[in-house]
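Each remark here refers to the structure printed beneath this line.
The values are calculated or read from the model by the stated rules, or taken from the named source; none is laboratory data. All figures in this text were calculated on a predicted structure; none of them were measured in a lab. Don't worry about glycine lacking a Cβ; one is built from the backbone with ideal geometry, like all the others, and counts go over all protein chains shown. Areas reflect the complete protein model, heavy atoms only, side chains present, ligands, DNA and RNA absent. Shrake-Rupley method; radii C 1.70, N 1.55, O 1.52, S 1.80 Å.
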Amino acid sequence: MAEFISVHRRSFLAGGAGVLAAAACARTGVAVRAQEATKASKPLPAYVDWKNAEGLIVHSENTIETKREFIGTSGVTPNDLVYVRNNISPPDQSILANRDAWEVTFEGVANPRNVTLGELKTMGIETVAMVLQCSGNGRGFFEHKASGTPWRTGAAANVLWSGVPLRTVVDALGGASAGMKFLTSTGGETLPEGVDPKTVVVERSIPMDHALENAILAWEMNGEPISLAHGGPLRVITPGYYGVNNVKYVKRVALTAAETDASIQSTGYRIRPVGVEGAPDQPSMWEMKVKSWVTHPLADAKSGKIQIHGVAFGGFSALKGVEVSTDGGNTWKDAQLLGPDMGRYAWRPFVLSADLAPGTHAITSRATDSEGRVQEETTEPNHRGYDYSGWRRLAVEVTVA
């Protein structure tokens, strides 16, 4: 299996795949392919030892990536293959001993109070399918060496979440107080001692209008109680927004007049030029972009008759369609979307049958959302390597004998 890396952003794949691979190699002095399938992986940490080790890359205790070839065609990512990203270490497993006793403080409503998970379960339930994607998914495709895990495509999953809608809880507590503009959620991780809590706490704010319409307080993931790795016993789910906004182990849910001043919001997860410090006036990592990538084939083939598979989603909008190119973006063909449409925020697997001539082919995909936005060709560098979706570097190289 091969992926294109370390080439000049705007000149890569301008012509035939084999010629350009050689040209890129000559320009950069480095190889243009990486064998992701054979990438070494550390053992699974104890809190996720139930996951499928064969399908995962362990970068660290708190960053575990799904291998590209393990994303199937059913649409839903199995729990044991969903990536893991924790900003700080999870709480102790003991918090799951009595899930229904977990207590959440609700603020910014007419009747603020603490509510147990057991009580939340009596208020109602909805299920939403959505793409869960780390803000840094694709960081490994940027040329600059951004700090953080060098994710490729595997910090993303399509997951079914079940829980009570936020709007239902807010209504039960008398409605939102006047002047509230944001949903601010606070995680229940144990904070390290001796540091300012605001510098480490996982506390995120998103626009309240979207939250009241779409957010749920989820206790179930793909039909099972949410594991510790993924935020159990209770997690805020904000469809269409990057993963950091889906706060785990949620202990406080507040409707607020302003965004939190916690570092993870005020200066972290902000889009800014390389070398520039984070600031509250920079774009926050909220809405996801339209995106797709190929998941099969990822290895050289003896025959040119192949099925090209992948996944595509609209990000914050519904997916309209996806195209596939087998010549590095010179020509495109419409792919077929597979399986049921699970809604605006979910991804759809896609397939295109192809009969490739002998030689090397650069295979890639580009998605279009319902608003007419087309997946970008390249993604401009930003300091932390966020928000990567450019179809050129997401291409895979396949040689037919």
Would you confirm, using the coordinates I've provided, whether T122 is open to solvent by 10 Å² or more (accessible area, probe 1.4 Å), under 26 Å from L394 (Cβ atoms), part of a loop (DSSP other than H, G, I, E, B) and not aliphatic (A, V, I, L, M)?
no
Condition first: part of a loop (DSSP other than H, G, I, E, B) and in contact with a His (Cβ under 9 Å, 6 or more places away or on another chain). Now tell me which residues in region 251-301 satisfy that.
I271, R272, P273, V274, G275, V276, E277, G278, W286, P297
Out of (1) closer than 22 Å to G343 by Cβ; (2) of a type in the set (K, R); (3) open to solvent by less than 30 Å² (accessible area, probe 1.4 Å), the one R167 does not meet is (3)
What number of residues within region 74-101 are closer than 16 Å to V131 by Cβ and assigned to a loop (DSSP other than H, G, I, E, B)?
7
The one condition in (1) open to solvent by 50 Å² or more (accessible area, probe 1.4 Å); (2) among the hydrophobic types (A, V, I, L, M, F, W, C); (3) within 30 Å of V104 (Cβ to Cβ) that V276 fails to fulfil
(3)
Kindly indicate the residue of region 45-75 that is of a type in the set (A, V, I, L, M, F, W, C) and either open to solvent by less than 10 Å² (accessible area, probe 1.4 Å) or in contact with a strand residue (DSSP E or B) (Cβ under 6 Å, 6 or more places away or on another chain) (or both) and also farthest from W151 (Cα to Cα) among those meeting that condition.
V48
Scanning region 314-335 for residues that are among the polar types (S, T, N, Q) and part of a loop (DSSP other than H, G, I, E, B), which turns out least open to solvent (accessible area, probe 1.4 Å)?
S317
What about V311, is it β-branched (V, I, T), open to solvent by less than 10 Å² (accessible area, probe 1.4 Å) and within 16 Å of the chain's Cα centre (by Cα)?
yes
